[in-house]
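The values are calculated or read from the model by the stated rules, or taken from the named source; none is laboratory data. All figures in this text were calculated on a predicted structure; none of them were measured in a lab. Note that we place each Cβ from the backbone using ideal geometry, even for glycine, and neighbour counts take in every protein chain shown. Just the protein is used for accessible areas: all its heavy atoms, side chains included, with ligands, DNA and RNA removed. Shrake-Rupley method; radii C 1.70, N 1.55, O 1.52, S 1.80 Å.
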Amino acid sequence: MERLIINGGNRLSGTVKISGAKNAVLPIIAATLLGQDKATCLDEVPGLEDVKTISDVLKTLGVHVQHDIEHHKLFVDASNIQNVTAPYDLVRKMRASFLIMGPLLARLGKAKISLPGGCAIGTRPIDLHLKGFEALGAQISIGHGDITAIAPEGLKGARIYLDFPSVGATENILMAASMAEGQTVIENPAQEPEIVDLANYLNIMGANIRGAGTNVIKVEGAQKLIAHDYTIIPDRIEAGTYMIAAAMTRGDVYIANAISEHLKPVIAKLKEAGVEVIEDVDGIRVICNSRPRCVDIKTLPYPGFPTDMQAQFMAMQTISQGTSVVTETVFENRFMHVDELRRMGARIKIDGRTSIIEGQEKLTGCQVKATDLRAGAAIVLAGLVAEGETQVGYIHHIDRGYDNLVQKLVSIGADIKRVDD
Ligand code: UD1
């Protein structure tokens, strides 16, 4: 089993370059299924396990996919889709596999996908995706562990109100609506930058989408979308993770490629903690010379504080001065990192969706495990400042979402290596 070995205590300094955004590239790869006539070349595609999984999903549909990891490019030729079924093994591995349902329905009028099932950070239903497809005229049936959606007459534009601004549901509905007949209006959609990136990509394929990034999206359905090349936006969660690494190690790190506009709540909270954050057009510099102060955070849909930064921020709070409170409102069970941080000496109490963190002078290295992707990032951050050696197991979770984590951290001065025993 592979592990990370971290010797804590090094101050991080230098420049780290952020890769393309995981949560933008996954729906965009799904959206390549809408593109006819030509092949697509996506640029700034990160070398992640999740990219491999969605590529494998496309391959099961008979689509040609090739990832040039060295040059961050992904080639997709979806001119010929032979199959509309996504198997359980892949959907189980990554829930985002469900994002192929919208494009398959729009282009071929049918899709059959295994029910994603539960996952570590909550039950995560897909009711909002299905409600959207039904509003667009699809017939949904569930049986034998699969969801089948058909639209023999094609999809028809509709007015859809999302009870919660789900990222995945907004993306799936957006892709389906981009080829539905007539106008679709999505009210209360997710407003994340990744939604805007997907809409931009669909628009250059010939879709007509307005309002992505606001609380109403309007889509005029197109008869046909044509494959087009595209460059993925930088990953704001990866950037935020390195910002916290700089703050926790009392370092001075320039996070190249980071878009500060996408990181407003994280920047605001770091400043509140006494960390210096300097924004420019090419990136963000984070400088910290003393122990951060305690600050409270509450996760919310964008533009609120991202749930995907909650675990990493908590890692910082464990060594901050004073007591901080974290309230998780997006997922019902996203405190898996707490037990692992406690093993490292953190003092954290959980009360429902709230955690109370009493900051300590230091953490101590020990054996810990990555329980999910961001929980894994949080314990790596804790390991960077812990006294002695931290061994992190179950790192396949971290590989899902961090491109070259070890090399990037080493390049800014961390003592971290990957071992296979
Ligand atoms: C996406 C991100 C994930 C991030 C999350 C919230 C990708 C690939 N993943 O996940 O990293 O943590 O947004 O920012 O982009 N919900 C329903 N019904 C639905 C769909 C969702 O009740 O049909 C609920 C979920 O249970 C959860 C909340 O809505 O409590 C947020 O989920 P959603 O925004 O859909 O997250 P994902 O798209 O799965």
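Give the range 41-91 a look and list any residue that's under 24 Å from LEU405 (Cα atoms) and charged (D, E, K, R), or say none.
Of everything in the range 41-91, those that are under 24 Å from LEU405 (Cα atoms) and charged (D, E, K, R) turn out to be ASP43, GLU44, GLU49, ASP50, LYS52, ASP56, ASP68, GLU70, LYS73.
In the range 320-336, how many are surrounded by fewer than 19 Cβ atoms within 10 Å (Cβ to Cβ) and part of a loop (DSSP other than H, G, I, E, B)?
Matching residues across the range 320-336 total 5.
Go through the range 128-147 and report how many residues are within 18 Å of VAL91 (Cα to Cα) and surrounded by 18 or more Cβ atoms within 10 Å (Cβ to Cβ).
Qualifying residue count for the region: 4.
Give the residues of the range 157-184 that are open to solvent by 10 Å² or more (accessible area, probe 1.4 Å), within 17 Å of GLY221 (Cα to Cα) and touching a helix residue (DSSP H, G or I) at 6+ places or on another chain (Cβ under 9 Å), sorted by residue number.
GLY157, ALA158, ARG159, MET179, GLN183
If a residue must be at pLDDT 90 or above, touching an Asp or Glu at 6+ places or on another chain (Cβ under 9 Å), among the hydrophobic types (A, V, I, L, M, F, W, C) and over 23 Å from VAL185 (Cα atoms), how many such residues does the range 110-153 contain?
Here the count works out to 1.
For the range 87-106, what are the residues that are of a type in the set (Gly, Ala, Ser) and open to solvent by 10 Å² or more (accessible area, probe 1.4 Å)?
ALA96, ALA106
Given the structure, is SER79 modelled with pLDDT of 95 or more, surrounded by fewer than 24 Cβ atoms within 10 Å (Cβ to Cβ) and either outside any strand (DSSP E or B) or of a type in the set (Lys, Arg) (or both)?
So SER79 does not fit the description; no.
Just the residues that are assigned to a helix (DSSP H, G or I) and surrounded by fewer than 24 Cβ atoms within 10 Å (Cβ to Cβ), please, taken from the range 242-261.
If the condition is that a residue be assigned to a helix (DSSP H, G or I) and surrounded by fewer than 24 Cβ atoms within 10 Å (Cβ to Cβ), then SER260, GLU261 are the ones that fit.
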